[in-house]
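Inspection log for the structure reproduced underneath, given as structure tokens.
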Amino acid sequence: MLTGHVSMTGESRAGWRISESVQPGGRPPAPGSLALVQAFVNSYYDLEISHGADLFATPAALRSWLAAHGLITPTARVTDVDRERAIAVREGLRSLAASTGGDDRPALRKLNAAATGAAVELRFGGRGPEFLPSSAGGVPGALGLVLALSACAMIDGSWARLKVCPGVECGWMFFDHSRNQTSRWCSMSVCGARAKARSHYRRHKEASP
Ligand SMILES: [Zn+2]
């Protein structure tokens, strides 16, 4: 991968960090820098500390998450507009990974509006190029990095393995490590089992007059 100079949990040369993230069903997270994109998209539902909380619920919460991942400084100014923009990027990427609808879907329009003016920088070294948040700082720089890493994954093909769980009220982004890329649910034992129970119930109901 173009930007894969980080281990599954580690720090890039540019200083941004991928922390070890909890995944439903014990799935391994996405490899390399794609784990940062995955964690960003899955920030809508905290699995680690405050179960189910939106980690971008307030500008201060967004700042904490971005600072914890080395994407902005802990004292950076984060406004409501920044938060709306981060959520537009998050939900636009989820919509792209779920590949539902055409190019005119609202989530994609919002993503492209949020991407306008987001900046990223490149550094070059013996191990290849690396992206880092714009030195202008702030949320637009952090979003620029997330967008650049996503675009790289789309170009190198690894994006196709990022899937969005279709479970009712789920939407978790998981990385399909299976050889044939046939995984459908974030966790067979959670969303898969629920869907199975629902279709069993429906069949049973239709069978009985
Ligand atoms: Zn699910």
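Tabulated data for the structure shown
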{"quantity": "Residue satisfying condition, being of a type outside the set (Ser, Thr, Tyr) and more than 17 Å from Leu34 (Cα to Cα), within set Leu108, Leu149, Leu162, Leu132", "calculated": "Leu108"}
{"quantity": "Answer residue from the stretch 175-208, given it is outside any helix (DSSP H, G or I) and near the ligand (Cβ under 8 Å from one of its atoms) and is surrounded by the fewest Cβ atoms within 10 Å (Cβ to Cβ) among those", "calculated": "Ser187"}
{"quantity": "Failed condition for Asp46, given (1) of a type in the set (Asp, Glu); (2) in a loop (DSSP other than H, G, I, E, B); (3) over 25 Å from Glu20 (Cα atoms)", "calculated": "(3)"}
{"quantity": "Any hit, the stretch 109-125, residues being without any contact (Cβ under 8 Å) to a residue 12 or more places away in the chain and either assigned to a helix (DSSP H, G or I) or within 16 Å of the ligand (Cβ to nearest atom) (or both)", "calculated": "yes"}
{"quantity": "Residue that is surrounded by the fewest Cβ atoms within 10 Å (Cβ to Cβ), among those in the stretch 78-99 that are in contact with a Pro (Cβ under 9 Å, 6 or more places away or on another chain) and in a loop (DSSP other than H, G, I, E, B)", "calculated": "Thr79"}
{"quantity": "Pairs where the first residue, in the stretch 83-96, is in contact (Cβ under 8 Å) with a residue 12 or more places away in the chain and the second is assigned to a helix (DSSP H, G or I) and of a type in the set (D, E, K, R), C-beta under 8 Å, 6+ apart", "calculated": "Ala88/Lys110; Glu91/Lys110; Gly92/Lys110"}
{"quantity": "Glu130 vs. criteria of a type in the set (Asp, Glu), at negative phi and touching a residue at least 40 places away in the same chain (Cβ under 8 Å)", "calculated": "yes"}
{"quantity": "Filter result (within 16 Å of the ligand (Cβ to nearest atom) and without any contact (Cβ under 8 Å) to a residue 60 or more places away in the chain) within the stretch 155-164", "calculated": "none"}
{"quantity": "Search result, residues across the stretch 111-137 that are among the small types (Gly, Ala, Ser) and surrounded by fewer than 21 Cβ atoms within 10 Å (Cβ to Cβ)", "calculated": "Ala113, Ala115, Gly117, Ala118, Ala119, Gly125, Gly126, Gly128, Ser134, Ser135, Ala136, Gly137"}
{"quantity": "Boolean, Thr58 is farther than 11 Å from Gly138 by Cβ, loosely packed, with under 15 Cβ neighbours inside 10 Å, among the hydroxyl-bearing types (Ser, Thr, Tyr) and at pLDDT 95 or above", "calculated": "yes"}
{"quantity": "Count - residues of the stretch 13-43 that are among the small types (Gly, Ala, Ser), at pLDDT 70 or above and part of a loop (DSSP other than H, G, I, E, B)", "calculated": "6"}
{"quantity": "Test result for Ser150, of a type in the set (S, T, N, Q) and more than 16 Å from the ligand (Cβ to nearest atom)", "calculated": "yes"}
{"quantity": "Boolean, Gly157 is under 30 Å from Leu71 (Cα atoms), surrounded by fewer than 18 Cβ atoms within 10 Å (Cβ to Cβ) and either modelled with pLDDT of 90 or more or not hydroxyl-bearing (Ser, Thr, Tyr) (or both)", "calculated": "yes"}
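Table: residues versus (1) outside any helix (DSSP H, G or I); (2) of a type in the set (Gly, Ala, Ser).
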| residue | (1), (2) |
| --- | --- |
| Arg63 | no, no |
| Thr73 | yes, no |
| Ala76 | yes, yes |
| Glu130 | yes, no |
| Ala142 | no, yes |
| Val146 | no, no |
| Ser150 | no, yes |
| Trp159 | no, no |
| Glu169 | yes, no |
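The values are calculated or read from the model by the stated rules, or taken from the named source; none is laboratory data. This structure is a prediction, so every number in the text was calculated from the model and none was measured. Virtual Cβ from ideal backbone geometry, glycine too; neighbours counted across all protein chains shown.
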